[in-house]
Amino acid sequence: MSIVVIGDRKTGKTSMVRALAEHGKYVKISNILASDLYNPSTKEIAGTEIGENPRTLNMEVDLPATGPRQLNILWIDTPGEFWSNPQYRKDYPAAWQGMENKVKQSKAVILMLPPHQSLVSRTRINMAAHHLQPIDTLPTTDQWVNGLQNWFDFLQQNCQRVKHIVITLHKADLFCDVEAEGKDWRYRPDRGGAAPWYDYSDHVVESYFGVANQVIRKYKGTEIGSRTNFFITTTENQELLELPWLYLAPYLIYN
């Protein structure tokens, strides 16, 4: 089974898997070393190259109904340049076509978004470790909303057969109290798991996607929108980082 991770350059696609490999609690990856994905001294993440082969993740998820279960997942980490620079699609048409085909054939798609300028806190950015601070200028509110609409168009064109779509607003440590959010919504296997996913998704949309209310409302009214759930994630809080995978795990195990 394959999961495709898409998102703009430097959004945090590879960092997410690195953190699961390094600090996994209820979601663990055993066959990839964190040091394979980044420089432990500088914390610099290795970029994804065009044409890079998918990797198989040996993932263990601990679910209340089943206990620890092993999953072999084909992780397809897409080069961010494909999404942030349309010229790349023209320069590498065969690779782009191959990427679209992988998306269409996947069991699930995880779209990772950066925060926009009006959402982040300058204080939180200044307090963040150097490797966590934004490398590129964050999008303005208008740029971010327009980008989200473009992503919705892409999903509707390419994901009609994809069973589950996750949209996660990454780098949450730059715009909210991740400890408080993680405590409120953390996974509780002794109580049957996390809070109801639709409650959590609605909370995320209302709290952090407000500037895009109009386009989200229109998207959620579509058939594919009804198969989409929203999350916030950060490598700095394991509870939040693991939630998208814990949401997907039962569907992957039983299908």
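What follows is calculated from the coordinates using simple rules that are stated; it is not laboratory data. None of the values given here were measured: they were computed from a predicted structure. For neighbour counting, all protein chains shown are included, and Cβ atoms are generated from backbone atoms with ideal geometry for every residue, glycine included.
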Exercise for review: Write down, largest first, the equivalent ellipsoid semi-axes of region 112-223 in whole Å, where each equals the square root of 5 times an eigenvalue of the alpha-carbon gyration tensor.
Suggested key: 24, 22, 12
Check your understanding: Using the Kyte-Doolittle scale, which helices in the chain average at least -1.0 and also have C-alpha atoms spread 24 Å or more along the helix axis, with helices defined as whole DSSP H runs?
Key -> 141-158, 238-254
Check your understanding: Rounded to the nearest 500, what is the chain's calculated 222 nm mean residue ellipticity when only DSSP H runs of at least 4 contribute -39500 (n - 2.57) each, over all residues?
Key -> -12000 deg cm²/dmol
Exercise for review: Give the range of the longest stretch in the chain that excludes all GluC sites (Glu not before Pro) found in loop regions by DSSP and having at most 16 other beta-carbon atoms within 10 Å.
Suggested key: 53-222
Practice item. Rounded to the nearest 0.05, what FRET efficiency do L74 and D202 give with R0 = 22 Å and r taken as the Cβ-Cβ distance? Could you check? Key: 0.10
Point to revise | For the chain, the Rg and Dmax computed from alpha carbons only, in angstrom | key: 17.2, 51
Revision key, fill the gap. The relative contact order of the chain, taking Cα pairs under 8 Å that sit 6 or more residues apart, comes to a percentage of 23 percent
Practice item. Just flag the trypsin sites (Lys or Arg not before Pro) in region 121-181 sitting in loop per DSSP whose Cβ has no more than 11 other Cβ atoms within 10 Å. Key: R161
Review point. Amide H neighbours of L63 under 5 Å, counting only residues 5+ apart in sequence or on other chains, H built in-plane at 1.01 Å?
Key: R69
